[in-house]
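The values are calculated or read from the model by the stated rules, or taken from the named source; none is laboratory data. Since this is a predicted model, take the numbers as computed values, not measurements. When the accessible area is computed, the model is the full protein with side chains, heavy atoms only, and any ligands, DNA or RNA have been set aside. Shrake-Rupley method; radii C 1.70, N 1.55, O 1.52, S 1.80 Å.
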Amino acid sequence: MADIAGRTVRARGRRAADAFGARPSGTRHPLVAAAMVLPLAAFLAVLFGGWDAVVIQASSVAGMLGR
């Protein structure tokens, strides 16, 4: 009896997720996640003036590595 009840609850959860168009579970490929985030991150860096800080830090790291 408990096994049947467990399946019913899971089936309801899947139908609710399908109604809203959301993926119920799973993982996204890291390159897809990076492709989604990087344009927004670059836009925010330019918008708030953080681009200079990124360039300064990158040059500092390059200097520490001896390049």
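Give me the extension gain from residue 35 to residue 56: residue separation times 0.36 nm, minus the current Cα-Cα distance, reported in nm with one decimal.
5.2 nm
Over segment 26-67, with every protein chain in place, what whole percent of the accessible area is carbon and sulfur at 1.4 Å, could you tell me?
Within segment 26-67, the accessible surface is 73 percent carbon and sulfur.
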